[in-house]
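Read the structure below first, then the notes.
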Amino acid sequence: MSNQERAIFELDAWQLADAIRDDEFSAADVLDTYVQRIKEFDGELNAFCHLDVDAARRRADEIDAAVREGRDPGRFAGVPMGVKELASVQGWPYTHGSLLYKDEIASHDGTEIARLRAEGAVLVGLTTAPEFGSTNWTRTFLHGTTRNPWDPERTPGGSSGGSAAAVASGMMPICTGGDGGGSIRIPSSYSGLFGFKVSFGRVGDSGPFDDSLTAVPGPMARSVRDAARYVDVISGPTVVDPTSLPKPSVPYEDALLSGAAVERLRGKRAAWSSTLGFAVCDPEVEKLAHEAALALCDDAGLELVDVDVRLPNGGRAWGILSSLSMAALHLDDARDRLDDVTFVPRAGLQMIDRLTPNELLRAIRRRQEVLAAIAAVFEQVDVLLTPTTATAAFLAEGPPPMEIGGQRVGGMGSVPFTAPFNISGQPAVSIPAGLTSEGLPVGLQAVTRRHDEDLVLAAGLIAETNRPWPKLAPAYR
């Protein structure tokens, strides 16, 4: 089926960009399609907290003019994008999802935004996020509750929840996200998307420098090729970020299209774990993810080996270290206004004043223990497969479930599988793995060694090719 025979909103971002570059569509018409869908659907979903349609129209007109003049506008030529509100876009609100900053305006474009603009992206507006990106559901005092297109009673996840809702409903073809503890992979799992977290440092930070050693920017996307192209555009070092990595020698999209990444994956050793040694998983979610893991191993020619995966539970250590980073940026502004801060980030900020040196040392030691345990696993295998989340999406207003499979769990019990690989800085993806009996999406997580992004992308591409997933939630097709 040609591009012209499919509705614009059904096309992947790479298809839209290539069609606009070939003058098959105009960027202006593509933008109009998505603006109309935002008007039609966002009243229910609350995915956007700021729109700048006038600026987007001017940018779309610039893209169309470049095409007419024979100039290449870039790899995302004319593609409308939503921007997670934790990112800095010059002249737009810079709220961090918080009442503390409701009147703040960004003074500059962050690295990710500048690189997307340079490749022709048309930025349409800001998508909602939980305050400071601190929860796996999206509800704030500032913007209210964001809802899941698969079931508006459920959350699309967090912290990239608004971006997930926008993409899964077809209000945007692709959006920016970010992942400091699962904030791309979790909403991808809950919302039926492909989630891609790169190795830590793959995208250089532009400051204020975040030394939590966990957070990376990335896409909220429907297809593997979209995610690969996005990271090809935004990757690379910055001077201010001493942890940033060089761009990959072969672009990820090229490695996928040539078959090199898929060929490199074949014959690798893989392990499956539904607990990581400490977690509890909903039985139906575990079953769907395990079936998807077995299918992937069969399709990809992976050797599934029996490995006893036992990681220390690093949830509290991750929470302490993440709270330190959050406090470095926000505690001074919040001290006299804690009632204006939602519960989870408020608790994290309050913890800092009570944190003892011994507790901090224990958190650092636990992080080191997690790193050592993960390294031991990857001495035996090349790919680790887990459920992405322990449950399907819960109620939109939160909080997450505190009981799973009849067992009590802690505050991160619904999302135990993602943060360990933020601690280790490894690349990971969430691959749509099917639907529960309630029709809610479930994800399969695949993790590889640092710098092996091409292998997790290859795993995603093999799954997408052999067992395609719905690109949109049913009510929005």
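Each value in this text was obtained by applying a stated rule to the coordinates, not by laboratory testing. Because the structure is a prediction, the values reported are computed rather than measured. Quick reminder, even Gly has a Cβ in these numbers, built from the backbone with ideal geometry, and neighbours come from all protein chains shown.
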>> With the cut-off at 27 Å, tell me which of the pairs LYS287/LYS471; LYS39/LYS102; LYS197/LYS247; LYS102/LYS471; LYS102/LYS247 have Cα atoms farther apart than that.
In response: LYS102/LYS471; LYS102/LYS247
> For segment 124-283, what is the Kirkwood estimate of the hydrodynamic radius, computed as the reciprocal of the mean inverse distance between distinct Cα atoms, to one decimal in Å?
Replying inline: 16.9
> Using the Cα atoms of segment 26-131 to build a convex hull, what is its mean projected area in square nanometres?
Replying inline: 6.7
> Percent relative contact order of the chain, based on C-alpha pairs within less than 8 angstrom and at least six residues apart?
Replying inline: 18
> In whole Hz, what ³J(HN,Hα) sequence does segment 386-395 give by Karplus (6.51, -1.76, 1.60; θ = phi - 60°), x for Gly and Pro?
Replying inline: 9, x, 6, 10, 7, 9, 6, 4, 9, 4
> In the chain, which helices (entire DSSP H runs) extend 24 Å or more along their own long axis, judged by Cα positions, while averaging at least 0.0 on the Kyte-Doolittle scale?
Replying inline: 283-300, 315-334, 357-378
> With N residues in the chain, what two-decimal value do you get for its Cα radius of gyration over 2.2 N^0.38 Å?
Replying inline: 0.90
> Under a plain spin-label model, where a point goes 7 Å from the Cα along Cα-to-Cβ, how far apart in nm are ALA475 and ASP332?
Replying inline: 4.5
>> I'd like the distance between the alpha-carbon centres of segment 81-146 and segment 439-477, rounded to an integer number of Å.
In response: 25
> Can you give the net charge of the other residues whose Cβ lies under 10 Å from the Cβ of SER273, counting K and R as +1 and D and E as -1?
Replying inline: 0
> With charges only on Cβ, +1 for K and R and -1 for D and E, what is the dipole size of the chain about its Cα centre, in debye, rounded to 20?
Replying inline: 920
> Tally Lys/Arg at +1 and Asp/Glu at -1 over every other residue whose Cβ is under 13 Å from the Cβ of VAL285; what's the total?
Replying inline: -4
> Considering only ILE423, ALA396, ALA373, whose Cα is most displaced toward the positive end of the charge dipole of the chain, charges sitting on Cβ of Lys, Arg (+1) and Asp, Glu (-1)?
Replying inline: ALA373
> With Cβ to Cβ distances under 12 Å as the rule, what net charge do the other residues near ALA334 carry (K, R +1; D, E -1)?
Replying inline: -4
> THR389's amide H: which non-local residues (gap 5+, or another chain) put their own amide H closer than 5 Å, with H modeled 1.01 Å from N in plane and none for Pro or chain starts?
Replying inline: GLY443
> Can you list the residues, at least 5 places off or on another chain, whose amide H is less than 5 Å from the amide H of ILE105, using H built in the peptide plane?
Replying inline: TYR94
> Check LEU142: other-chain or 5+ apart residues with amide H under 5 Å from its amide H, H built from backbone geometry?
Replying inline: LEU99
